[in-house]
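The values are calculated or read from the model by the stated rules, or taken from the named source; none is laboratory data. Just so it is clear, the model here is predicted, and its values are computed rather than measured. Positions of Cβ are generated from backbone atoms using ideal geometry, with glycine treated the same way; all protein chains shown enter the neighbour counts. Note: accessible area is taken over every heavy atom of the protein model, side chains too, but ligands, DNA and RNA are not part of it. Shrake-Rupley method; radii C 1.70, N 1.55, O 1.52, S 1.80 Å.
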Amino acid sequence: MEESVKNNPLASERIERLILKFSIPAIISMLVSSLYNIVDQIFIGQGVGLLGNAATNIAFPISIICTATALLLGIGSASNFNLLSGAGEQERACRFAGTGLSMLIICGVTIAVVVLIFLNPLLQIFGVTKDVLPYAQDYTGITAFGIPFLILTTGGNHLIRADRSPTYSMTCMLTGAIINTILDPLFIFGFHWGIKGAAWATVIGQIISGCMVIIYFVCFKKMSLTVDMLKPSGTFVKGILSLGMASCINQIAMAIVQIVMNNTLRYYGSLSVYGSDIPLACVGVIAKVNMVFMAICIGLAQGCQPIWGFNYGAGNYDRVRRAYKRAMQTALAVGCVCFVCFQIFPRQIVSIFGNGSEEYFQFAERYFKIYMFMTFVNGIHPTCSQFFTAIGKAKLGAVVSLTRQILFLLPLIIIFPFFMGIDGVMYAGPIADGTAAVVAILLAVKEIRKMDD
């Protein structure tokens, strides 16, 4: 083993301390990222109402697609950087980082242009209703301008963490979220801009976070990154796509499921006592709450990625196993806490996002208790997916990413409502969650046992 590799803290520092050092900033970054949507949802619910909440739910697939692109390029380039750094190939590692950064910018601009050109057709596909349409047009049409900065921030922060600067990565996200939180009430209530105010507050926060990422790679980076390395190369793009695909597929699958679910709720909601708008609004609120839980689990796994990837590349398999075990234990503990909260305090949680009719709260409570019933094991899935990506097992990561969303959940939310009406959507969730967790654990155990050989 090279001396530079042996002396790297990732190869020598205590596993528990490394997990805390890298995961806490990553968790805070993910929580802050979730706050962009949650803060908007809270202030829109209080200042605009049920139709405003439904509009953000309709726009949510675009946010998921942006995150998918950012994770594809950010995790893909950071995973390659970690593995090659662990193997002592610093120059090649930096070329992966440079290609990843340039692709983040190119893809961000491209997606923003597509959304602005095809805004109305996209909203129809996402399941918008007649009453919600004007709110969704205002919100999505404005937030599209922040897409390039959102993608650069989300993807670039993975590279900043890989460059051993987790605190700066956290600061990028935190700064944008604080600005968004301050501007939301000012624009919505002070300037009376309504849902447009929430959208502009989000965009401004995203722009500032994106600029901070650019400043890091210009002024503060530790990696030996040159301007020449920013030129995209087909070889490096292929390598990035290979290791980033699992996380991207998971997000794309989430977007597909969200679109199908919105249309299912719109149709079967109209046949129920709730109507179409109440289910759309409730599910949007609960999805944002679930983002907080998932942000903790995903942040934990993202913080462990440099530890897993570097030590796997260096052949330190015992450290890889120990880091995986600690991450899994933490994810399960967080899941149990959130399960208790979701089962005991659903009405109190939903009421944070604004008032509604008794039917609104009845649907929200039932959805929380049934759809989120397997929350205590839901941290297993992202932990295993990120683990496979970190050690270069892209195909296994993709399999884990696809199981819950596409293989199990998507068919169930289509089939169950035929027999159970709108309740079918609720019962599809825990069945898909439990089955996907079992598959993820079996694959992870098999891979870890291989390291003993």
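Summary table
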quantity: Some residue of the stretch 110-118 being under 18 Å from Ala59 (Cβ atoms), at pLDDT 95 or above, open to solvent by 10 Å² or more (accessible area, probe 1.4 Å) and not aliphatic (A, V, I, L, M); calculated: yes
quantity: Which numbered condition Ile125 misses (of (1) within 26 Å of Asn263 (Cα to Cα); (2) crowded, with 20+ Cβ neighbours inside 10 Å); calculated: (2)
quantity: Residue in the stretch 151-169 that is outside the structural domain of Cys304 (by the TED database), over 16 Å from Ser79 (Cβ atoms), assigned to a loop (DSSP other than H, G, I, E, B) and open to solvent by less than 20 Å² (accessible area, probe 1.4 Å) present; calculated: yes
quantity: Residue pairs meeting the criteria (Cβ under 8 Å; at least 6 apart or on separate chains; first outside the structural domain of Ser209 (by the TED database), in the stretch 177-196; second assigned to a helix (DSSP H, G or I)); calculated: none
quantity: Complete set of residues in the stretch 402-453 that are among the small types (Gly, Ala, Ser), within 30 Å of Asn316 (Cα to Cα) and either in contact (Cβ under 8 Å) with a residue 60 or more places away in the chain or open to solvent by 40 Å² or more (accessible area, probe 1.4 Å) (or both); calculated: Ala437, Ala440, Ala444
quantity: Out of Asn157, Asn120, sole residue that is of a type outside the set (A, V, I, L, M) and more than 18 Å from the chain's Cα centre (by Cα); calculated: Asn120
quantity: Flag for Cys248 being assigned to a helix (DSSP H, G or I) and either open to solvent by 20 Å² or more (accessible area, probe 1.4 Å) or under 30 Å from Thr129 (Cα atoms) (or both); calculated: yes
quantity: Any hit, the stretch 414-434, residues being assigned to a loop (DSSP other than H, G, I, E, B) and not hydroxyl-bearing (Ser, Thr, Tyr); calculated: yes
quantity: Residues satisfying the stated conditions in the stretch 294-353, i.e. of a type in the set (Val, Ile, Thr) and either in a helix (DSSP H, G or I) or surrounded by 17 or more Cβ atoms within 10 Å (Cβ to Cβ) (or both); calculated: Ile296, Ile298, Ile307, Val320, Thr330, Val334, Val337, Val340, Ile344, Ile349, Val350
quantity: The stretch 130-150: number of residues that are open to solvent by 10 Å² or more (accessible area, probe 1.4 Å), assigned to a helix (DSSP H, G or I) and in contact (Cβ under 8 Å) with a residue 60 or more places away in the chain; calculated: 8
quantity: Search result, residues across the stretch 384-401 that are of a type in the set (Val, Ile, Thr) and either open to solvent by 20 Å² or more (accessible area, probe 1.4 Å) or in a loop (DSSP other than H, G, I, E, B) (or both); calculated: Ile391, Val399
quantity: Single residue of Leu230, Leu280, Leu265, Leu241 found to be open to solvent by 50 Å² or more (accessible area, probe 1.4 Å) and over 18 Å from the mean Cα position of the chain (by Cα); calculated: Leu230
quantity: Residue match in the stretch 62-82 (condition: over 22 Å from the mean Cα position of the chain (by Cα), in contact (Cβ under 8 Å) with a residue 60 or more places away in the chain and open to solvent by 10 Å² or more (accessible area, probe 1.4 Å)); calculated: no
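Residue-by-condition table, conditions (1) assigned to a loop (DSSP other than H, G, I, E, B); (2) of a type in the set (Asp, Glu); (3) out of contact with any helix residue (DSSP H, G or I) (no Cβ under 9 Å at 6 or more places or on another chain); (4) open to solvent by less than 60 Å² (accessible area, probe 1.4 Å):
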{"site": "Cys219", "(1), (2), (3), (4)": "no, no, yes, no"}
{"site": "Phe236", "(1), (2), (3), (4)": "no, no, no, yes"}
{"site": "Ala253", "(1), (2), (3), (4)": "no, no, no, yes"}
{"site": "Ser272", "(1), (2), (3), (4)": "yes, no, no, yes"}
